[in-house]
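> Below is one structure. I have some questions about it.
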Amino acid sequence: MAGPAAPPPRPASRRGPSAFLLAVALAWTAAVLCYGFVWGADPYELRFARPSERLADHPYPAQVVPRLVSVAAHGGADMVILGASTAMGYTPNMMRQAFTDVSRPANLAYACASAEDFGVLLPRLEQSKTLKRVLINLDVSLITPCVGNKSDFDPRYFASNWLDPAPEFNLQSVELSQRVLRTGVLDLDAWRPLPDDKVSWITTDPPVTAKPDYLARVRRNVALARGRATRGAPLPCSSMPRLKTTIAPFIRTMAARGVKVDLLAPPLSLAIYSEWTVSWTPFTAPPFPSVMALQRCLLQMTAGLPNVRFDSFDTDPAIVGDLRLYRDTGHVGDVETYRQILRRIAAGQAQVTLDEWPQHQAALQREVDAFSP
């Protein structure tokens with residue numbers, strides 16, 4: 001007699017695909033929740049001002065700096081430095097030691113900062129009610145496209161685009177949002193500074209004089225440019241319209257509030273004008289007249305304003321004539337020199353007035369023409 005019929009085979013288990021879909025759904029839900037958390041926390045205060053949030057008391061990574069303006073404006077910063085790469089070597093510690101009337105300074109300089117960037121950033125900084133001092137470094141990127149470096153300014157962070165409400169979304173932004181809400185400080189462990197007031201890339205490289213190939217190139221370019229490094233017709237201020245429409249109005253607004261404003265001619269080495277003349281140049285016009293026009297025009301536009309000074313070390317050969325102090329011909333690389341510059345500005349020892357400008361420019365021209373590295 002035949003036994004009972006065998007049961008029909010069971011259908012293949014669907015547990016594997018179901019578990020995968022569930023995992024995908026959970027991951028997607030977690031990502032959406034994290035995205036909403038970052039958007040709501042708004043750690044850089046791009047949409048919402050949070051007076052309790054403040055900046056950390058140390059230099060920030062270069063790529064982060066352009067995003068700090070709103071927190072500086074609303075978070076109690078009482079001094080800021082604005083500019084591009086030649087101002088990146090100043091640390092909050094240096095600023096506080098030089099300017100004894102400030103306690104919460106911030107360096108907002110970043111590579112390739114342009115006048116167009118300032119058109120976005122300065123109106124945000126104008127909202128500050130705590131600023132006592134502003135130092136504006138007159139980098140050449142304010143009047144000419146940046147060459148050789150990439151700007152860290154990302155317009156996505158300042159655009160009112162609801163299709164892209166949280167431009168930075170990653171694990172770090174989630175951690176940063178959590179840290180800001182918990183401590184009130186915009187900071188991450190990964191952003192801890194170097195010791196002894198050093199700043200990555202700026203004051204960590206060896207000096208020009210310790211780079212034989214580079215120094216040989218500088219000497220060759222200085223020799224080739226002899227007699228022509230400072231030549232060229234003066235540029236009119238009308239060739240730099242952003243100075244008049246963006247930067248000068250900000251200076252006037254700050255000065256009217258009693259904020260002390262220093263316009264700093266960055267201490268470029270005397271060799272750089274030869275480099276720009278022979279090797280490469282970011283300028284469409286001759287380099288020396290272009291730099292002089294940038295400085296002269298802002299000096300003219302702000303002459304007579306209360307609380308505004310123009311500072312320059314261009315005719316101090318102990319700085320601009322000593323390549324041991326430079327990481328390259330355009331950037332001071334010595335920590336103590338950065339400290340000295342701020343101390344002398346604070347003491348009023350570097351001022352140049354509009355009446356003194358012709359003699360100042362003539363003295364610099366003579367020094368550039370006679371310089372031998």
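> Could you please tell me the mean projected area of the C-alpha convex hull for segment 23-175, averaged over all directions and given in square nanometres to one decimal?
On the way: hull surface 41.0 nm².
With every direction weighted equally, the projected area is 10.3 nm².
> Which angle between 0 and 90 degrees, to the nearest 10, do you get for helix 15-41 versus the longest principal axis of the chain when only C-alpha atoms count?
Between the helix axis and the principal axis of the chain, the angle is about 40 degrees.
> Let me ask something additional. For residue 129, list the lysines whose Cα falls under 28 Å from its own Cα; do not include residues on the same chain fewer than 8 positions away.
Candidates past the 8-residue exclusion: 244, 260.
> For the chain, what is the charge dipole size about the Cα centre, in debye to the nearest 20, if Lys and Arg each add +1 at the Cβ and Asp and Glu each add -1 at the Cβ?
Details: 39 positive and 34 negative charges, 115 e Å.
My answer is approximately 560 debye.
> I would also like to ask the following. Quick one: dipole size for segment 172-249, taken about the Cα centre, charges +1 on Lys/Arg Cβ and -1 on Asp/Glu Cβ, in debye to the nearest 20.
On the way: 13 positive and 7 negative charges, 151 e Å.
Magnitude of the dipole: close to 720 debye.
> Dividing the convex hull volume of the Cα atoms of the chain by its residue count, what figure in Å³ per residue is obtained? All intermediate terms of the calculation are to be shown ahead of the outcome.
On the way: hull volume 76.1 nm³, N = 373.
Per-residue hull volume (Cα only) is 204 Å³.
> Restricting attention to the chain, give the cysteines that have no other cysteine Cβ less than 4.7 angstrom from their Cβ.
Cys with no partner Cβ under 4.7 Å: 34.
> Given the protein chains as shown and a 1.4 Å probe, how many square angstrom of residue 319 are accessible, to the nearest 10?
Residue 319 has an accessible surface of roughly 0 Å² with all protein chains in place.
> Turning to a different aspect of this structure: Just how much of residue 205 is accessible, in Å², when a 1.4 Å probe is used and the result is rounded to the nearest 10?
Its accessible surface works out to 60 Å², give or take rounding.
> Quick check: with the 1.4 Å probe, what order do 88, 301, 79 take by accessible area, largest first?
Numbers: 88 25, 301 50, 79 5 Å².
Highest to lowest solvent-accessible surface, that is 301, 88, 79.
> I've got another one for you. On the first, second and third principal axes, largest extent first, how far apart are the outermost C-alpha atoms of segment 282-357 in Å?
36, 36, 16
> Next up: Go through segment 318-326 residue by residue and turn each phi into a ³J(HN,Hα) via Karplus (6.51, -1.76, 1.60, θ = phi - 60°); whole Hz please, and just put x for glycine and proline.
5, 9, 6, x, 10, 5, 5, 8, 10
> Would you mind estimating how fast segment 149-296 diffuses translationally, via Stokes-Einstein at 37 °C and 0.692 mPa s with the Kirkwood radius over Cα pairs, in µm²/s?
Details: Rh = 20.4 Å.
Translational diffusion coefficient: 161 µm²/s.
> Using amide H atoms built 1.01 Å from N in the peptide plane, name the residues 5+ places from residue 106, or on other chains, whose amide H lies under 5 Å from its own.
It is 79, 80, 81, by chain and number.
> Compute the Rg to Rh ratio over segment 226-287 from the alpha carbon atoms, using the Kirkwood formula for Rh, and round to two decimal places.
Working: Rg = 15.7 Å, Rh = 14.4 Å.
Using Cα coordinates only, the ratio equals 1.10.
> Another question, then. Among 108-117, 250-259, how do they line up from the highest to the lowest mean number of other beta-carbon atoms within 10 Å?
Numbers: 108-117: 21.9, 250-259: 16.5.
Taking the mean over residues of other Cβ atoms within 10 Å, the ranking is 108-117, 250-259.
> Continuing with the same structure: If you take every DSSP beta bridge whose two residues both sit in the chain, what share of them, in percent to the nearest 5, is antiparallel?
Working: 3 of 22 bridges.
Looking only at bridges with both residues in the chain, the antiparallel portion is about 15 percent.
> Per-residue ellipticity at 222 nm for the chain, helices alone: DSSP H runs ≥ 4 residues times -39500 (n - 2.57), over residue total, nearest 500 deg cm²/dmol? Don't skip to the answer; put the middle values down first.
Numbers: 12 runs with 139 residues, N = 373.
Helix-only estimate at 222 nm: -11500 deg cm²/dmol.
> With every protein chain left in place and a probe of 1.4 Å, what is the accessible surface of residue 283, to the nearest 10 Å²?
Around 20 Å² of this residue is reachable by solvent.
> Lys/Arg Cβ at +1, Asp/Glu Cβ at -1, dipole of the chain taken about the Cα centre: which of 178, 358, 240 is farthest positive-ward?
178
> For segment 244-373, what is the charge dipole size about the Cα centre, in debye to the nearest 20, if Lys and Arg each add +1 at the Cβ and Asp and Glu each add -1 at the Cβ? Each step should come with its number before you reach the end.
Values: 12 positive and 13 negative charges, 122 e Å.
Value, rounded to 20: 580 debye.
> Let me ask something else. From the gyration tensor of the Cα coordinates in segment 226-373, what semi-axes in whole Å does the equivalent ellipsoid have, largest first, with each one equal to sqrt(5λ)?
Values: eigenvalues 128, 79, 34 Å².
Semi-axes (√(5λ), whole Å): 25, 20, 13.
The values are calculated or read from the model by the stated rules, or taken from the named source; none is laboratory data. Here the structure is a predicted model, which is why all the values come from computation and not from measurement. Don't worry about glycine lacking a Cβ; one is built from the backbone with ideal geometry, like all the others, and counts go over all protein chains shown. Quick note on the areas: whole protein, heavy atoms, side chains included, nothing else; ligands and nucleic acids left out. Shrake-Rupley method; radii C 1.70, N 1.55, O 1.52, S 1.80 Å.
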